[in-house]
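Beneath this line is the structure, given in structure tokens, with notes to follow.
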Amino acid sequence: MRRNRAENDASHTRLTRRAALLGGAQLLFMGGLAARMRYLQVDQADQFRLLAEENRINIRLIPPARGEIFDRNGVLLAQNVPSYRIVMVREDAGDAEAVMDRLSRIITIEPDVRERAMAEIRRSAPFLPVTIVDDVSWDDVSRVSVNAPALPGVTPEVGLTRVYPRGQDFAHVVGRVGRVSQADLDALEDPDQLLRIPRFQIGKINVEARREDILRGKAGTKQVEVNATGRVMRELSRREGESGKDIQLTVDANLQRYVQARLSEESAAVVVIDCENGDLAAIASAPSYDPNLFIGGISSKDYNPLLESKYRPLVNKTVQGTYPPGSTFKMMVAMAAIEEGIIGPDETVYCPGHLEVAGRRFHCWKRAGHGWVDLENSLKQSCDVYYYDLALKVGIEKISAMANRFGLGIKHDLALSSVASGLTPTKEWKRATRGADWVIGDTVNASIGQGFMLASPLQLAVMSARIATGRAVMPRLVKTIDGVEQPSGAGEPLNMNENNLRKMRNAMFEVVNNRRGTAYRSRIIAEEFRMAGKTGTSQVRNITAAERARGVSRNEDLPWERRDHALFVSFAPFDKPRYAISVLVEHGGGGSTAAAPIARDVILQALAGGDPPLEAYPTADRGRIKTQQRKLREMQPQAALDGNDQA
């Protein structure tokens with residue numbers, strides 16, 4: 001069928017348009033292909049030439065500088081210092097054994113260090129550098145450099161390593177770092193690639209470990225050209241990483257140093273907490289150890305004595321150790337009773353020296369008894385029978401609940417390892433964990449902080465701060481992170497009857513300042529520093545009826561491991577509490593003789609900001625205290641006294 005002229009014109013127009021579109025698409029494709037070919041053959045010619053020669057580009061990590069740790073005043077507690085090491089490349093050395101012999105004549109290399117280095121050289125690729133000795137002196141570096149022609153393949157290198165200028169003073173607070181182990185990698189679900197860098201250091205315990213993510217920083221990268229065997233040919237580009245953040249702690253380095261010196265060789269713990277904001281001004285466990293020994297790997301010679309010591313220097317007794325709180329727990333029993341209205345502060349209980357409960361005799365520490373005592377006198381003289389009677393009226397559930405309100409039986413959130421919860425037992429707890437019912441004797445034992453009751457020195461310091469302030473003071477260890485202030489631990493009001501709290505504080509004041517008080521010998525006579533407190537003695541053994549009949553053995557007549565623990569809690573100044581403190585002396589005997597004198601000295605040191613005036617002490621003590629202060633100053637480096645190592 002013949003088409004008319006109009007139809008032919010329309011068909012021709014469509015064909016022309018299609019041809020133009022097709023031609024345009026072909027031009028675009030060819031243009032893109034040409035541009036791509038130019039990019040690959042001209043712009044990327046050098047890179048592809050390397051690939052054609054069987055080379056490749058590798059991305060390698062650059063370890064960041066670790067964040068540093070400071071005390072509340074800017075004193076360095078953990079810092080990074082240049083660390084020199086000597087490395088050897090086997091393919092450059094040739095005869096590695098011969099080169100090692102020459103190196104050993106220039107610097108000191110211990111036989112076991114040499115053996116370990118040679119083993120690593122033999123199993124490593126010949127072009128990889130292997131560390132021979134770590135943490136060498138500048139003199140050693142100089143000697144190696146001068147003798148370089150005779151030591152092919154041997155070169156000194158510099159890096160950063162962790163150092164703890166305050167040594168054992170902060171081992172249980174700052175902690176330590178160490179080389180990444182396989183156990184560290186296995187513990188992480190998705191380990192940072194930084195951790196696979198040889199000899200990379202990470203936090204192992206305490207602040208170093210608990211704030212590892214903040215302190216570590218972020219890795220940088222560098223592009224290196226390597227050949228087919230993996231040898232680095234040259235560095236092509238570099239992007240620096242991000243240093244770790246600095247951390248400032250609440251602890252005062254000078255006070256911490258004083259506390260460690262004051263504890264000396266005792267197996268003990270001291271916690272000082274600021275009542276205003278919860279800051280831990282000192283948190284010391286003794287004996288301690290030097291964390292610097294662990295940095296490059298501690299020797300058996302140094303480690304075994306720490307591991308085998310009966311005083312457990314590796315354990316942080318301030319938060320890991322839990323102990324029966326003894327008579328320091330009596331305030332909790334009293335507060336539970338008076339808050340519930342079960343007994344008034346002026347009501348009395350008769351103490352004949354014991355209390356018969358369910359056919360069993362529970363003794364008071366004073367065999368002859370205290371007679372009629374009220375709340376104040378029972379605390380002042382630490383009468384046990386008063387609290388036996390009180391606990392039976394209140395019951396364990398209310399006692400434990402009150403203890404929780406004051407910070408006992410609570411795992412406080414601190415950047416420390418293995419913080420213990422302690423234990424404030426209940427009937428349900430005993431059924432669940434011991435498979436037995438609670439009995440009335442359990443309540444009697446708990447009333448004087450024995451039996452199942454357990455608390456750490458940290459928790460006892462928190463309890464004291466809450467009694468002193470009436471607020472739920474929370475302990476705070478980290479003050480700032482990269483200059484950013486962390487939340488305060490001042491706490492909200494406990495919503496307790498202020499009159500009852502005042503009665504408790506007054507009774508604690510009498511413990512220390514009344515002639516009949518158990519801590520009278522450790523009183524402070526300076527009006528502006530006077531303190532309130534409570535002694536405690538925690539039994540670690542059962543006293544049999546036979547022993548009571550012939551007379552209870554004195555602590556000093558017993559082996560150290562069988563002596564009672566000594567405790568003391570206090571706050572000062574009494575009229576406006578600034579600091580609360582707890583002291584524990586393992587197997588120290590009585591709280592009044594072993595723990596209270598330490599607490600007095602430490603809290604005076606904290607309040608005075610240094611050695612307190614001798615006039616703060618009773619006249620009879622001043623000569624002894626003056627000698628003690630002199631000896632403690634001699635034990636402390638001058639830098640620790642004047643803060644010369646501040647950043």
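The values are calculated or read from the model by the stated rules, or taken from the named source; none is laboratory data. The shown structure was predicted, so the numbers you read here are calculated from the model rather than taken from an experiment. Heads up, the Cβs are rebuilt from the backbone with ideal geometry, glycines too, and the neighbour counts pull from every protein chain shown.
Output the residues belonging to the stretch 319-346 that are in a loop (DSSP other than H, G, I, E, B) and in contact with a helix residue (DSSP H, G or I) (Cβ under 8 Å, 6 or more places away or on another chain).
Correct list: V319, G321, P325, E340, I342, I343, G344, P345, D346.
So which of D246, D213 ends up being in contact with a Phe, Trp or Tyr (Cβ under 8 Å, 6 or more places away or on another chain), at pLDDT 85 or above, acidic (D, E) and closer than 22 Å to A65 by Cβ?
On inspection, the qualifying residue turns out to be D246.
Where the second residue is in a helix (DSSP H, G or I) and the first is over 16 Å from V89 (Cβ atoms) and lies in the stretch 140-155, which pairs have Cβ atoms under 7 Å and are six or more apart or on separate chains?
From residues that are over 16 Å from V89 (Cβ atoms), the pairs are R143/I106; N147/I106.
Does the stretch 89-145 hold any residues that are under 28 Å from I298 (Cβ atoms), among the charged types (D, E, K, R), in contact with a strand residue (DSSP E or B) (Cβ under 9 Å, 6 or more places away or on another chain) and surrounded by 12 or more Cβ atoms within 10 Å (Cβ to Cβ), and which are they?
R114, E120, D134, D135, D140
Rundown of residues vs (1) polar (S, T, N, Q); (2) touching a residue at least 40 places away in the same chain (Cβ under 8 Å), yes/no style:
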position: I467; (1), (2): no, yes
position: V473; (1), (2): no, yes
position: L477; (1), (2): no, yes
position: S488; (1), (2): yes, yes
position: E492; (1), (2): no, no
position: M496; (1), (2): no, yes
position: R502; (1), (2): no, no
position: N506; (1), (2): yes, yes
position: N513; (1), (2): yes, no
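D384 fails exactly one of the following numbered conditions: (1) buried (at least 24 other Cβ atoms within 10 Å of the Cβ); (2) within 15 Å of T318 (Cβ to Cβ). What is the number of that condition?
Tallying (1) buried (at least 24 other Cβ atoms within 10 Å of the Cβ); (2) within 15 Å of T318 (Cβ to Cβ), D384 fails exactly one: (2).
Evaluate the following for K366: is it buried (at least 21 other Cβ atoms within 10 Å of the Cβ), of a type outside the set (A, V, I, L, M, F, W, C) and in contact with a strand residue (DSSP E or B) (Cβ under 9 Å, 6 or more places away or on another chain)?
no
Would you mind stating whether I543 is at pLDDT 95 or above, of a type in the set (A, V, I, L, M) and not in a helix (DSSP H, G or I)?
no
Exactly one of (1) buried (at least 17 other Cβ atoms within 10 Å of the Cβ); (2) in a helix (DSSP H, G or I) is unmet by I86. Its number?
Among (1) buried (at least 17 other Cβ atoms within 10 Å of the Cβ); (2) in a helix (DSSP H, G or I), the lone unmet condition for I86 is (2).
Any residue in the stretch 617-629 that is under 14 Å from Q605 (Cβ atoms) sitting within a Cβ distance under 6 Å of a residue that is among the hydrophobic types (A, V, I, L, M, F, W, C) and at pLDDT below 95? List the pairs, counting only those 6 or more apart or interchain.
Filtered contacts from the stretch 617-629: Y617/I625.
Give all pairs with beta carbons closer than 6 Å in which a residue from the stretch 318-345 that is closer than 16 Å to S464 by Cβ meets a residue that is charged (D, E, K, R); count only pairs at least 6 apart in sequence or on separate chains.
Sorted first by the residue in the stretch 318-345, then by its partner, the pairs are T328/K534.
Among the residues of the stretch 554-574, how many are free of Cβ contacts under 8 Å to residues at least 24 places away in the same chain and either under 25 Å from G407 (Cβ atoms) or in a helix (DSSP H, G or I) (or both)?
Of the residues in that region, 1 qualify.
Residue check: is V462 touching a Phe, Trp or Tyr at 6+ places or on another chain (Cβ under 8 Å) and in contact (Cβ under 8 Å) with a residue 40 or more places away in the chain?
yes
Out of the residues in the stretch 281-317 meeting the condition of being assigned to a loop (DSSP other than H, G, I, E, B), small (G, A, S) and without any contact (Cβ under 8 Å) to a residue 24 or more places away in the chain, tell me which one is nearest to M474 (Cα to Cα).
S309
I'd like the full set of residues that are in contact with a Leu (Cβ under 7 Å, 6 or more places away or on another chain) and within 28 Å of S264 (Cβ to Cβ), limited to the stretch 174-205.
Matches in the stretch 174-205: V174 only.
For S418, indicate whether it is out of contact with any helix residue (DSSP H, G or I) (no Cβ under 6 Å at 6 or more places or on another chain) and either surrounded by fewer than 21 Cβ atoms within 10 Å (Cβ to Cβ) or at positive phi (or both).
Taking the combined requirement at face value, the residue satisfies it.
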